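The values are calculated or read from the model by the stated rules, or taken from the named source; none is laboratory data. Quick caveat: nothing in here was measured; it's all calculated off a predicted structure. Positions of Cβ are backbone-derived with ideal geometry, glycine not excepted, and every protein chain shown enters the neighbour counts.
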Amino acid sequence: MPSEIITLQLGQCGNQIGMEFWRQLCAEHGISPEGKLESFATEGSDRKDVFFYQADDQHYIPRAVLLDLEPRVIDGIMKSPYKHLYNPENVYISKDGGGAGNNWAQGFYQGEKLYEEIFDIIDREADNGDSVEGFVLCHSIAGGTGSGMGSNILEKLNDRFPKKLIQTYSVFPMTNEVADVVVQPYNSVLTLKRLTENADCTVVLDNTALNRIATERLKKTTPTLAELNQLVSTIMSGSTSTLRYPGYMNNDLISLISSLIPTPRLHFLISAYTPLTSDNTESEVRKTTVLDVMRRLLQPKNVMVTTAARDRNVTHCYVSILNIIQGEVDPSEVHKSLMRIRERKLADFIPWGPASIQVALSKKSPYITTQHRVSGLMLANHTGISSLFDRICDHYDKLIKREAFVENFRRLPMFKDNLDEFYDSREVVQQLMDEYRAATTKDYVNFGNLQAGQTEQT
Amino acid sequence: MALHEALIALQTGCSGLLTLKQDDPYFKKRLPTIPYVHQGELEILDRLTQLGQHYRTLDEYIQNIFKDKKSGLYILSFAFELRSILQTYLNCLKQLEHECLIDTSLTLSHLLISLTDYNLLFPSLVSLINKLQTNGYRGCQILDIIRRYTLDGNIILSSTMKKLLCSCHKIFIKQITSILTRGQIYDEYDEFFIGLNNNINIEAMGMTTPSISRMTSTITSRSHSPDRDKQFNLQMPQQNPTITPGYSQYQLIPDMLPSYIPLQLADKILFIGESWLILKTNDEDNDKNFLSINSIDYDEQNHRVQQQLYALTLSDDFNIFELERIIEYTRIDLSLTLRNLFVDRFHLCNELEQIRGFYLIEHGELFSLFVNRTNQLLLNIKKSTNAIENDINEIFKQCLNDLHLETILTNVDKFKFKLNFSHNDNSTQETSTGCRRLLSRVQGISDNSNNSFDFWSCGWANLSIQYNVKYPMKAFFSENSKQRYNDIFHLLIILRYVQNELNNLWLILKNQHKNSLILHLRNAMSFFINNFQYYIQIDVLEYKYQQLIRSILSSTDFQKIKYLHEVFLSDIQQHSFMLLATAYQSIRNILSICVSFCLTAKQQENNNNFDENILRQFGRDFNDEIRLLFGILGMVQKHNALPHLGVFLTRLDFNRFLTNNNGSFGEF
């Protein structure tokens, strides 16, 4: 089956959102928790084979690899109704089961140690497909396993499969209050370096924003983890809907990604989804026209990343936007909406190249009833993402100035001799932020060349 | 004495006194003076002689017609009617002779007065037959001529002419009746305005619009095609030695169509004829008669039509409105039957769905895969062989299997990929400055990069789909419409190929992690291609297609459905700029610049530094074409000629980058 996508779920957070993602996919494709095709779903033009393959007895198995250093979450999955869905060979829990202790270095080190075993699974899974198009990695960048082992796997994946796409769904930690993990900023910065250098596309899921959206949009005072994960899985399933319900265009990952990411480093995407509903509350959104949907997608309060519109005298703008509109849509509606958005100047775009709101029309799953005629997902490349990195760096800078909590890192080989890796990662993130800021100006076209020139001179 | 002479002269055109030179009717030779005839009477005699001469001309004409076996029914009928007019003339002479015998004191003037009508009539009859003879008018053509003569203020003249016309109309109506009730052409002498279409490749039924220039080869068609016509004439009979009248084999013969029969009406008659053919022709595999699907009693209905039409011939005045009414009535009936047959029984919409699947690339994932797998194969082909075509078709089937689309695109056997390399490539390029510019450009590049490559002669630019349409869908999908579908396919598949190449380039460049010129150029190209593709596939094709399907399902009139389909095709061609030669050329140039760019970039992949000059050259060429295209489309937009064009321009210029940068996509 061509252009398959292999999903890697890492750590507590990664496995939780991964779990939610597979639950959603099964529901959309009419696959039972055991992997059996439901009787009502035997016909259909959906492509299940991008994310699933069929076992000898015809039941569907996700192309998923579940990895964790501690057994808690995966055990939970293995006790859920979906326990028979996954290929047991693809479920890997580190034998010592001690976890990474929220320590990036520990996770990275474990990843290094378990490299052979992990990549046996990944290689097998990759050989299982006809032509695997890419990998999707779900993880959080704050903890130990998802961030540390994730970083390690990212580096290795990139080496091993240079022509494959690597997309990540990365959950960014809350930055506006005291973190439950004190070394969170360290973990984040160290992971950000790998995301910058080794991933091709990162969909940023900002926990702060997820909480805010869950609170505001879903009328929840304290959203549960499951509800937050459901938001994430909505984004994940929505952004892959054109692959699974193919239409004229955007039927492979590359065409989605290449139109969003003009230069390799600016690959951190923000996302938005509307209308959002949760299981037990009726949505207050009653009317869904294409224009409504597209307009709401552009509203900052619906975006799953908290970004500043302006910072340090920079007016941020969109590099590119892709709206995936699901449902019965008349193409002319899309056009009218585009015209309106353009007239009202609802979106600011880069000044250094052509850009527009790309629209991909996608079918809805026939097996899930929604109250809404149209729903929409936005994936966008926005320079404002740098303000999120900025906040992380602020926290990081405060900690590293005092070299607080670095002992736990020094214990591991990477930081035994020095903390260079910290400074190096911080530098990479700084360059990334600089590049994003440069992308708001007309001179961005010459950005890399100028810098290269400068470094040559010095 | 003079009376006697006159009477003879009236019949023969000459007498002892008055002779006209036989071989020159207009040269009168008469004794200058005759002693016992008054000069004034001589003048009258001259006129009477002239009348007689006319009579002789007409009579000879009739005799000739009767002798000639090939003159055709219309002329024959005309001659019969003419003879009866002459007969009345002779009767009149007989009457006069009788009067003369009784009353010898009658004057020549009496004769002249008595024959006044003929004095008027004969000259115009003679002029009529002269006209018919000299121009060799025949069949339905004479209807027009005669009708022109009926438009005369003189009642006698016009009523006589109407009689003549009426006699011809009897034949006309008979032929119409035949086609209306049985779908047969009763036409031994090729006189009717509908004839058998011996050349299957020409327009099929209902097509009266001039064939729209082939977009794939605007230049070829411009450089004109007498050769092609010749080829058709030579080839077709060989391929089809025995032509049995089948569906969609009638055609209008414009020369034969009387001007007072509206084209629409003729179209309807043609449609009815062909409908009968469809209904009566039995499929080889399917021995059912389609007449049975509707409970209408056709015999009875035909009988009624026959009677109504017959009633038409009884009146002198040809009642075109009544004819129109009868024909429309018959047409609606048949059209409904056909609609039911095609839409309900033969699932026209499914057929269109298949066509959308193949020609209009509905299943993007399928063609992406296909493009990926045949990428190199088609790129390196310069000429077509059966083996290669087989390979391509096999690969396609494999793709279909791999994506589990066999259940959706079920008609894969009907659609075959073909490679049609045009042989006169060189001449085509010479005719187009754009192409030549491009060629030299590509060659210019090739000096530097060892890449002599003309995209338009490779497999990708010459891939087409052969749609083996089965009975009775043949009646719906004419060769012309297939050609137009192929034209669209040609554009779509190239777009997809270019897109695929640009995406591959992205994959190659992604690990370089450099903000480089090549990336920006790739983005600009990709931006254009993606937006153009979206515009064509969604804004135009999908929108128009949905419209078509909706109106097909709501219509009860097969002819209208056919018409809508033709409109659909020309709409999508127009909206994809195929009919705007300059814009389309520009788009083609853009496409080939993109391809050259990708191929060159791929070659440079290993040594990693793309020569910046070549790169900038690509960028400038690309920008030039974009600017040109943007300019042309801007002009078209001003005239509001294409309602959907605004969509495309908005997309391209969404952040007003093109406007702010003077129509270019960046500085290269």
Inset, instruction - Return the only residue of B:Leu348, B:Leu377 being at pLDDT 85 or above and under 25 Å from the mean Cα position of the chain (by Cα). - result: B:Leu348
Inset, instruction - Kindly list, by first and then second residue, each pair from a residue in the range B:381-394 that is assigned by the TED database to the domain that holds B:Ala461 to a residue that is surrounded by fewer than 16 Cβ atoms within 10 Å (Cβ to Cβ) and in a helix (DSSP H, G or I), limited to pairs with Cβ atoms under 8 Å and residues at least 6 apart or on different chains. - result: B:Ile388/B:Leu377; B:Asp391/B:Leu377; B:Ile392/B:Leu377
Legend entry - One residue from A:Thr306, A:Thr221 being more than 10 Å from chain B (Cβ to nearest Cβ), buried (at least 21 other Cβ atoms within 10 Å of the Cβ) and at pLDDT below 85: A:Thr306
Inset, instruction - Search the range B:473-509 for residues being modelled with pLDDT under 85 and buried (at least 23 other Cβ atoms within 10 Å of the Cβ), and hand back the single one that is farthest from the other protein chains (Cβ to nearest Cβ). - result: B:Ala475
Inset, instruction - Would you mind finding the one in B:Phe622, B:Phe630 that is under 30 Å from B:Asn511 (Cα atoms) and surrounded by 15 or more Cβ atoms within 10 Å (Cβ to Cβ)? - result: B:Phe622
Legend entry - Looking only at the range B:513-523, and only at residues there that are within 8 Å of chain A (Cβ to nearest Cβ) and in contact (Cβ under 8 Å) with a residue 40 or more places away in the chain, the one that is farthest from the chain's Cα centre (by Cα): B:Leu517
Legend entry - Qualifying residue in the range B:64-77 (condition: of a type outside the set (A, V, I, L, M, F, W, C), touching a Ser or Thr at 6+ places or on another chain (Cβ under 6 Å) and within 30 Å of B:Trp276 (Cα to Cα)): yes
Legend entry - Number of positions in the range A:127-176 that are out of contact with any Ser or Thr (no Cβ under 6 Å at 6 or more places or on another chain), part of a helix (DSSP H, G or I) and either hydroxyl-bearing (Ser, Thr, Tyr) or within 14 Å of chain B (Cβ to nearest Cβ) (or both): 7
Legend entry - Selection within the range A:112-123 - under 24 Å from the mean Cα position of the chain (by Cα) and not aliphatic (A, V, I, L, M): A:Glu112, A:Tyr115, A:Phe119, A:Asp123
Inset, instruction - Tell me which of these B:Gln398 doesn't satisfy, since it passes every other one: (1) buried (at least 16 other Cβ atoms within 10 Å of the Cβ); (2) within 14 Å of chain A (Cβ to nearest Cβ); (3) of a type outside the set (Ser, Thr, Tyr); (4) farther than 28 Å from B:Phe568 by Cα. - result: (1)
Inset, instruction - Could you tell me whether the range B:341-353 includes any residue that is within 14 Å of another protein chain (Cβ to nearest Cβ), more than 30 Å from B:Leu312 (Cβ to Cβ) and surrounded by fewer than 20 Cβ atoms within 10 Å (Cβ to Cβ)? - result: yes
Inset, instruction - Scan the range B:545-570 and report the pairs whose first residue is not assigned by the TED database to the domain that holds B:Asp487 and whose second residue is in a helix (DSSP H, G or I) and at pLDDT 90 or above, with Cβ atoms within less than 8 Å and a gap of 6+ or a chain change. - result: none
Inset, instruction - Search the range A:236-248 for residues that are within 20 Å of A:Gly14 (Cβ to Cβ) and pair each with any residue that is among the hydrophobic types (A, V, I, L, M, F, W, C) and in a helix (DSSP H, G or I) when their beta-carbon atoms are under 8 Å apart and the residues are at least 6 apart or on different chains. - result: A:Met236/A:Ile17; A:Met236/A:Phe21; A:Ser237/A:Phe21; A:Ser237/A:Leu25; A:Ser239/A:Leu256
Inset, instruction - Out of the residues in the range B:556-602 that are charged (D, E, K, R) and more than 24 Å from B:His347 (Cβ to Cβ), state the one that is surrounded by the fewest Cβ atoms within 10 Å (Cβ to Cβ). - result: B:Lys602
Inset, instruction - Residue by residue through the range B:299-338, note down the ones that are of a type in the set (Lys, Arg) and within 25 Å of the chain's Cα centre (by Cα). - result: B:Arg331
Inset, instruction - Would you point out which residue out of B:Leu569, B:Leu645 is within 14 Å of another protein chain (Cβ to nearest Cβ) and under 24 Å from A:Pro331 (Cα atoms)? - result: B:Leu645
Legend entry - Test: residue in the range A:197-211 that is part of a loop (DSSP other than H, G, I, E, B), charged (D, E, K, R) and buried (at least 22 other Cβ atoms within 10 Å of the Cβ): yes
Legend entry - Identity of the residue in the range A:29-58, at pLDDT below 90 and touching a Lys or Arg at 6+ places or on another chain (Cβ under 7 Å), that ends up nearest to the other protein chains (Cβ to nearest Cβ): A:Arg47
Legend entry - First in the range B:146-166 and within 19 Å of B:Met256 (Cβ to Cβ), second anywhere and at pLDDT 85 or above and among the basic types (Lys, Arg), Cβ under 7 Å, 6 or more apart: B:Leu165/B:Arg147
Inset, instruction - Within the range B:45-70, work out how many residues are surrounded by fewer than 18 Cβ atoms within 10 Å (Cβ to Cβ) and of a type in the set (S, T, N, Q). - result: 3
Inset, instruction - Kindly establish whether B:Gln585 is modelled with pLDDT under 90 and more than 14 Å from every other protein chain (Cβ to nearest Cβ). - result: no
Legend entry - Residue check, B:Leu128 surrounded by 15 or more Cβ atoms within 10 Å (Cβ to Cβ), more than 38 Å from the chain's Cα centre (by Cα) and either hydrophobic (A, V, I, L, M, F, W, C) or over 20 Å from B:Gln11 (Cα atoms) (or both): no
Legend entry - Residues located in the range B:532-555, provided they are surrounded by 23 or more Cβ atoms within 10 Å (Cβ to Cβ) and more than 7 Å from chain A (Cβ to nearest Cβ): B:Phe532, B:Tyr535, B:Ile536, B:Val540, B:Leu541
Inset, instruction - Quick one: B:Lys602 ticks every box in (1) modelled with pLDDT of 85 or more; (2) within 14 Å of chain A (Cβ to nearest Cβ); (3) assigned to a helix (DSSP H, G or I) except a single one, so which number is it? - result: (1)
Inset, instruction - Tell me, please, whether a residue that is closer than 30 Å to A:Asn187 by Cβ and crowded, with 20+ Cβ neighbours inside 10 Å can be found in the range A:34-51. - result: yes
Legend entry - Where a residue in the range B:323-337 is among the small types (Gly, Ala, Ser) and its partner, wherever it lies, is surrounded by 20 or more Cβ atoms within 10 Å (Cβ to Cβ), with Cβ under 6 Å and at least six apart: B:Ser335/B:Phe558; B:Ser335/B:Gln559
